[in-house]
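Peer 1: Pasting a structure here, questions to come.
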Amino acid sequence: MHGVARIGFVARDKHSRLATLYQQAPLRVLFPRAPAGDPPHAVLVTTSGGLVAGDRLEVEIETGRDARALVTTQAAEKVYRSTGAAAQVTVALRAGSGSWLEWCPQETILFDRARLRRHTALQLGPGARLLAGDILVFGRRAHGERLRTGSLRDAWQVRSGDRLVWADALRLEGDIEGRLTAPFGFAGATAYASLVYAGADAAAWRDTLRELVGGGDTDQRAGVTCLPGLLLARWLDKDAARLRACFSRAWTGLRHAAAGLPATAPATWNC
């Protein structure tokens, strides 16, 4: 299975519009009506219902000069167990000069013995801003399942022009349960999330994001790091539903503060 989605937006007459669209099953793209004050929304759907061994998904999203767009997913992505090849997901986000792009899919659920390799690349033009994040859930907790073994490599890169701003990779394999329960590892967390804000004004929103992230609960660890041109928030939580709510609050609060957009998540997040 090889799914592809390529989406491009342009700004015309002070409005952002869809300019290019290519989709290949099992990836499909929906375009629900955006709430008042919001940029155009695109929603990705994996019609196969999840990923298995050897599946590939390619997502490319681009905003042209001064365009704005928000892209998310219809539901959580499921990665089923595999005894062979890993499922592979590549996401390429390109924000053109002066544009605003949001990429915040719903959570990815890793079944026990799942194998996933994912790479997310962010590319910013002059004056562009990009807000992206994701949530990983380790096992189907509602079914009493823990992620015990398998393989995960989740890599991120952020570039501004030709300059590498930030690169990071998470790798888990072998005795994953041991690493998830280790006090100096994931300390029993069942879910993990990252939120990245890239733009020249990133430092201006550091304190705002720290207030939004919180992290006062004893079962949750959270923090914010500020680098030149980049803000990074991360969470570890023993409750995946609580982490999702905290992630959504930080994302929507930051989009409102930094871009003047409504402090609300897309309708698919409330289903």
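The values are calculated or read from the model by the stated rules, or taken from the named source; none is laboratory data. The shown structure was predicted, so the numbers you read here are calculated from the model rather than taken from an experiment. Neighbour counts are summed over all protein chains in view; Cβ atoms, including those assigned to glycine, are modelled from backbone coordinates with ideal geometry.
Peer 1: Which one of these is farther than 26 Å from Gly260 by Cβ and hydrophobic (A, V, I, L, M, F, W, C): Ala42, Ala69, Ala75?
Peer 2: One residue alone meets the criteria, Ala75.
Peer 1: Please find, among Ala85, Ala69, the residue that is in contact with a strand residue (DSSP E or B) (Cβ under 8 Å, 6 or more places away or on another chain), part of a loop (DSSP other than H, G, I, E, B) and among the hydrophobic types (A, V, I, L, M, F, W, C).
Peer 2: Ala85
Peer 1: Of everything in segment 83-105 that's surrounded by fewer than 21 Cβ atoms within 10 Å (Cβ to Cβ) and either under 23 Å from Ala233 (Cα atoms) or aromatic (Phe, Trp, Tyr) (or both), which residue is farthest from the chain's Cα centre (by Cα)?
Peer 2: Across segment 83-105, the extreme among qualifying residues is Arg94.
Peer 1: Here is a check on your reading of the model: is Thr46 touching a Ser or Thr at 6+ places or on another chain (Cβ under 9 Å), surrounded by 17 or more Cβ atoms within 10 Å (Cβ to Cβ), farther than 16 Å from Ala11 by Cα and modelled with pLDDT under 95?
Peer 2: Here the answer is yes, as Thr46 does meet what is asked.
Peer 1: Which one is farthest from the chain's Cα centre (by Cα), of the residues in segment 137-190 that are of a type in the set (Asp, Glu) and part of a loop (DSSP other than H, G, I, E, B)?
Peer 2: Across segment 137-190, the extreme among qualifying residues is Asp175.
Peer 1: Let me ask something additional. Can you say whether Gly223 is touching a strand residue (DSSP E or B) at 6+ places or on another chain (Cβ under 8 Å), modelled with pLDDT under 95 and not aliphatic (A, V, I, L, M), as far as the supplied structure shows?
Peer 2: Spelling it out, Gly223 is indeed touching a strand residue (DSSP E or B) at 6+ places or on another chain (Cβ under 8 Å), modelled with pLDDT under 95 and not aliphatic (A, V, I, L, M).
Peer 1: Another question, then. Residues of segment 191-212 being crowded, with 21+ Cβ neighbours inside 10 Å and assigned to a helix (DSSP H, G or I), which ones?
Peer 2: Result: Ala202, Leu209, Leu212.
Peer 1: Based on what the data block shows, is Glu77 over 20 Å from Ala121 (Cβ atoms), buried (at least 17 other Cβ atoms within 10 Å of the Cβ) and under 12 Å from the mean Cα position of the chain (by Cα)?
Peer 2: Answer is no for this residue.
Peer 1: Could I ask something else about it? Count, please, the residues in segment 25-45 that happen to be over 20 Å from Ala121 (Cβ atoms) and part of a strand (DSSP E or B).
Peer 2: 5
Peer 1: Looking at Gly223, Gly188, which is the one that is within 26 Å of Gly150 (Cα to Cα) and exposed (fewer than 14 other Cβ atoms within 10 Å of the Cβ)?
Peer 2: Only one candidate qualifies: Gly188.
Peer 1: Let me ask something else. When the residues of segment 255-270 are filtered to those that are within 15 Å of the chain's Cα centre (by Cα) and either in a helix (DSSP H, G or I) or under 24 Å from Gly144 (Cα atoms) (or both), which remaining residue is modelled with the highest pLDDT?
Peer 2: Arg255
Peer 1: Then there's this: Since Ala245 meets every condition but one in (1) farther than 22 Å from Ala76 by Cα; (2) free of Cβ contacts under 8 Å to residues at least 24 places away in the same chain; (3) assigned to a helix (DSSP H, G or I); (4) within 16 Å of the chain's Cα centre (by Cα), which condition does it not meet?
Peer 2: Evaluating Ala245 over (1) farther than 22 Å from Ala76 by Cα; (2) free of Cβ contacts under 8 Å to residues at least 24 places away in the same chain; (3) assigned to a helix (DSSP H, G or I); (4) within 16 Å of the chain's Cα centre (by Cα) leaves (1) as the failure.
Peer 1: Hey, among the residues in segment 215-232 that are without any contact (Cβ under 8 Å) to a residue 40 or more places away in the chain and part of a strand (DSSP E or B), which one's nearest to Trp156 (Cα to Cα)?
Peer 2: Applying the filter and picking the extreme gives Leu231.
Peer 1: Looking only at segment 122-144, count every residue that is modelled with pLDDT under 95, loosely packed, with under 14 Cβ neighbours inside 10 Å and not hydrophobic (A, V, I, L, M, F, W, C) and tell me the total.
Peer 2: 2
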